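*Asks:* Here it is: the structure, laid out below.
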C-alpha cells in the first residue's frame, strides 16, 4: 500500500511506512511531477475512484483505508489541479481530508519547511 499510495512522514510507525513516506508537501509535488511516479499514482487513484458498489473498507480493509485517506489528502494538497485525488476523497470520505495529514502539513508550514503555495498551481 505504501509504495502505491504513499503518505506523509510521521503517520506510519513501521519500518516500511517510514521507508516509503513523503517528507513534505514539496516532495509530494515533485512526486506528482515525476515522469513515472506521477502517472502511476494518478492511474491507481483513478482505478480506485472508478470502483463501484464497494466501500474503501471492503476494498482495502480498515487500516489501509486510513492510509488511502491520508495519501489522497496529501496529494490533493500537493496538486490541487489534479481532480483524481479529490475524486477519491469525494467517493470514499465524503470529500473530507484526513485530519492527521492536514495537521502535520500545517505544522510543517508553521515551522517554515518547504511546501507553501506552488506558483505552478495558480
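*Asks:* Bin width 10 Å, alpha-carbon pairs only: give the P(r) of the chain as whole percents, running from 0 to the bin holding the largest distance.
*Replies:* Histogram of Cα-Cα distances, whole percents per bin: 14, 49, 33, 5, 0.
*Asks:* What distance in nm separates the simple spin-label points at residue 34 and residue 94, each placed 7 Å from Cα in the Cβ direction?
*Replies:* The modelled label-to-label distance comes out at 3.4 nm.
*Asks:* While we're looking at this one, here's another question. Can you tell me the relative contact order of the chain? Whole percent, Cα pairs under 8 Å, sequence separation 6 or more.
*Replies:* In percent, rounded to a whole number, it is 30.
*Asks:* Hey, another quick one. Which of 89, 41, 51 ends up with the largest GNM mean-square fluctuation for the chain, with Cα atoms connected below 10 Å?
*Replies:* Greatest mean-square fluctuation among the candidates belongs to 51.
*Asks:* Any idea what angle helix 83-93 forms with the longest principal axis of the chain, computed on alpha-carbon atoms, 0 to 90 degrees, nearest 10?
*Replies:* It works out to around 60 degrees.
*Asks:* Cα axis of helix 99-110 to longest principal axis of the chain: angle in degrees, 0 to 90, nearest 10?
*Replies:* Helix 99-110 sits roughly 10 degrees off the main axis of the chain.
*Asks:* Also, I was wondering about something else. Once the Cα atoms of helix 37-50 and of the chain are each reduced to a long axis, what angle between those two axes, in degrees from 0 to 90 to the nearest 10, is obtained?
*Replies:* 40 degrees
*Asks:* GNM, the chain, Cα, under 10 Å: largest mean-square fluctuation among 43, 106, 15?
*Replies:* Largest GNM mean-square fluctuation: 15.
Each value in this text was obtained by applying a stated rule to the coordinates, not by laboratory testing. Everything numeric in this text was worked out from a predicted model, so none of it was measured. Glycine gets a Cβ as well: all are built from the backbone with ideal geometry, and neighbour counts include every protein chain shown.
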